[in-house]
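Reading through the structure tokens given below for one structure.
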Amino acid sequence: MPHINLLLIAVFKPILILLTVAATAALALPWLWIATDNTIVVEKLFQKTALLLLFFTALIIGNPFSNTESKLTTDQSGYLNIIAFSKSWLIGLLTLLPPIMLLLYLKVRVIDYSMNASIIDICNKTVIALMIGVAVGIVEEVIFRGWLLNWLQKHLKPMKQFGCWMAIIFSSLYFALLHFLKPDVSPVIADNPVTITTGLVLFINGFEAMLKHTEFWTLFALFLAGFLLAVVKVKITNRLSAVIGIHAAWVFCIKTTKIFTDANLHSNWHWLVSSDGINGILTTLWLALILLVMNVYSQAPALKLRSKSPPTDT
């Protein structure tokens with residue numbers, strides 16, 4: 001019974017924080033709408049405001065960049081973080097390229113030759129996708145692996161190994177669900193000035209959209225992506241910069257694929273993807289395969305011997 005109570009507290013407290021952050025974004029929406037000179041779609045403004053508030057909350061209360069190298073100097077830690085980010089970015093690129101290349105081979109995605117883009121345009125769009133990937137990687141990893149995963153691990157520590165896996169599972173589930181927190185505005189609301197009522201409508205609609213989504217395979221793919229990142233953070237490296245790199249590379253792959261290719265609705269293999277044209281059954285199976293390989297590799301005798309060998313003094 002104590003463990004059940006512990007689990008309930010650990011699981012539902014982040015929900016209360018999310019509700020508080022979303023409500024704050026809803027109340028601030030009219031003033032933000034005026035400050036941005038009505039240049040941002042009101043739904044996007046609410047969504048991005050809530051995400052940024054959650055990001056700053058995680059920075060303030062979560063200490064997300066704490067790592068096992070806490071005894072290193074700032075210069076040493078920063079250097080190692082850059083190295084970890086660069087290596088993990090390449091790993092993230094390599095892990096998502098195979099399913100995307102398969103989608104191109106099966107003509108689920110086709111090259112958009114109508115763009116008529118110059119080399120400079122292609123380079124600019126690629127750089128923008130790279131920057132967006134880094135930004136999204138930092139924001140989401142600070143929230144989900146830097147704060148939430150650490151927070152759940154800390155509060156479920158009395159449950160030992162089971163608590164560790166519960167922290168990984170629940171942080172991954174939150175990661176997947178919050179990608180569906182995409183509110184919509186009814187035409188009646190959209191035709192009127194943005195008020196606190198508009199924000200409250202978006203607040204309610206956002207959580208309704210999250211709970212009523214129908215794209216199971218996209219949800220499952222996002223859950224496995226969060227699960228993989230959490231396993232990397234907990235079991236392989238304690239560096240947040242490493243999972244930021246992997247996440248940034250994934251976003252970069254998805255963005256560039258959407259920029260330079262189109263979804264082919266007439267493909268016989270279109271069922272492999274969901275409405276976004278990339279995620280779906282294929283990415284779910286691919287991520288599951290990666291996790292399976294990681295599990296087999298972690299059980300390898302050579303790795304076990306290496307992990308049991310006593311540390312050497314330096």
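Just a few scattered comments:
- Selection count where residues are in contact (Cβ under 8 Å) with a residue 24 or more places away in the chain and in a loop (DSSP other than H, G, I, E, B), scope region 1-37: 0
- Failed criterion for K13 (all others in (1) under 23 Å from the mean Cα position of the chain (by Cα); (2) farther than 22 Å from M159 by Cα; (3) at pLDDT 80 or above; (4) open to solvent by 70 Å² or more (accessible area, probe 1.4 Å) hold): (2)
- Answer residue from region 221-249, given it is in contact with a Lys or Arg (Cβ under 8 Å, 6 or more places away or on another chain) and among the small types (G, A, S) and is farthest from I138 (Cα to Cα) among those: A230
- Qualifying residue in region 211-229 (condition: outside any helix (DSSP H, G or I) and β-branched (V, I, T)): yes
- So F170, is it part of a helix (DSSP H, G or I), open to solvent by less than 80 Å² (accessible area, probe 1.4 Å) and among the aromatic types (F, W, Y): yes
- Any hit, region 180-187, residues being without any contact (Cβ under 8 Å) to a residue 24 or more places away in the chain and outside any helix (DSSP H, G or I): yes
- Every residue from region 191-232 that is surrounded by fewer than 21 Cβ atoms within 10 Å (Cβ to Cβ) and of a type in the set (S, T, N, Q): N192, T195, T197, N205, T214
- Residues of region 140-161 classified as touching a residue at least 12 places away in the same chain (Cβ under 8 Å) and farther than 20 Å from F207 by Cβ, total: 14
- Residue check: L181 meets all listed conditions (1) modelled with pLDDT of 85 or more; (2) crowded, with 18+ Cβ neighbours inside 10 Å; (3) within 14 Å of the chain's Cα centre (by Cα) but one, namely (1).
- Test: residue in region 233-252 that is modelled with pLDDT of 90 or more, surrounded by fewer than 16 Cβ atoms within 10 Å (Cβ to Cβ) and more than 26 Å from W165 (Cβ to Cβ): no
- Taking first residues from region 38-67 that are of a type in the set (K, R) and partners that are at pLDDT 90 or above and in a helix (DSSP H, G or I), the Cβ contacts under 9 Å between residues at least 6 apart in sequence or on separate chains come to K48/A25.
The values are calculated or read from the model by the stated rules, or taken from the named source; none is laboratory data. Everything quoted here is computed from the prediction, not taken from an experiment. Cβ coordinates were reconstructed from backbone atoms using ideal geometry, including for glycine residues, and neighbour counts include every protein chain displayed. The protein model used for the area step is the full one, side chains on, heavy atoms only, and it has no ligands, DNA or RNA in it. Shrake-Rupley method; radii C 1.70, N 1.55, O 1.52, S 1.80 Å.
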